[in-house]
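Okay, structure first, notes after.
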Amino acid sequence: MLLTLFSWAFAVPDQIGLCPKATEDGWHQCVLMYGTVGWPFALIFSGVTLSFLLYLFVQPSIFKPWKILTFIYVPVAILLTLLAPQTSGILDPDSEVVSLWLSILYVLISVILIAYKSWKIKTSGEGL
């Protein structure tokens with residue numbers, strides 16, 4: 001959750017005072033510098049935070065598979081985001097688009113994992 005807050009701070013540096021508005025040109029460079037790093041990571045870690053908040057309301061036996069999924073997702077998402085170009089063309093997505101789609105995919109897989117594990121526990125009678 002702290003990584004999410006930290007990433008969002010870099011996504012909107014002008015809102016929290018990281019980019020003083022001394023000159024218009026310098027301000028734009030500052031926002032671009034922080035924003036190209038902040039937005040992709042804010043999207044990645046927002047997906048993790050959202051899924052974590054969902055897992056607070058499920059049984060502990062469902063938490064372990066999600067933890068494994070998260071340990072795989074975070075390094076892969078960071079690597080793919082860093083390898084994506086900073087600017088996009090027609091067929092090549094930029095780092096923000098890559099991190100957005102990876103985050104959506106991660107949340108969908110997490111919700112499916114919750115539903116499947118909950119259904120499996122309910123039908124097998126575990127955890128009662």
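Can Val107 be described as within 17 Å of Trp39 (Cα to Cα) and either among the charged types (D, E, K, R) or surrounded by 15 or more Cβ atoms within 10 Å (Cβ to Cβ) (or both)? No: the conditions fail for Val107.
Screening Ser99 with (1) over 26 Å from Pro40 (Cα atoms); (2) modelled with pLDDT of 85 or more; (3) buried (at least 18 other Cβ atoms within 10 Å of the Cβ) gives one miss only, at (1).
Checking each residue in the range 85-111 for being in contact with a helix residue (DSSP H, G or I) (Cβ under 6 Å, 6 or more places away or on another chain), not in a loop (DSSP other than H, G, I, E, B) and not β-branched (Val, Ile, Thr) picks out Ser95, Glu96, Ser99, Leu100, Leu102, Ser103, Tyr106, Ser110. Within the option set Val74, Val58, being farther than 30 Å from Val12 by Cβ and surrounded by 15 or more Cβ atoms within 10 Å (Cβ to Cβ) holds for one residue only, Val58.
Condition (residue is assigned to a loop (DSSP other than H, G, I, E, B), closer than 19 Å to Pro40 by Cα and among the hydroxyl-bearing types (Ser, Thr, Tyr)) applied to the range 68-84: is it met by at least one residue? So far as the range 68-84 goes, no, none of its residues is assigned to a loop (DSSP other than H, G, I, E, B), closer than 19 Å to Pro40 by Cα and among the hydroxyl-bearing types (Ser, Thr, Tyr).
The values are calculated or read from the model by the stated rules, or taken from the named source; none is laboratory data. Note that the coordinates shown come from a computational prediction; the quantities given were computed from them, not determined experimentally. Positions of Cβ are backbone-derived with ideal geometry, glycine not excepted, and every protein chain shown enters the neighbour counts.
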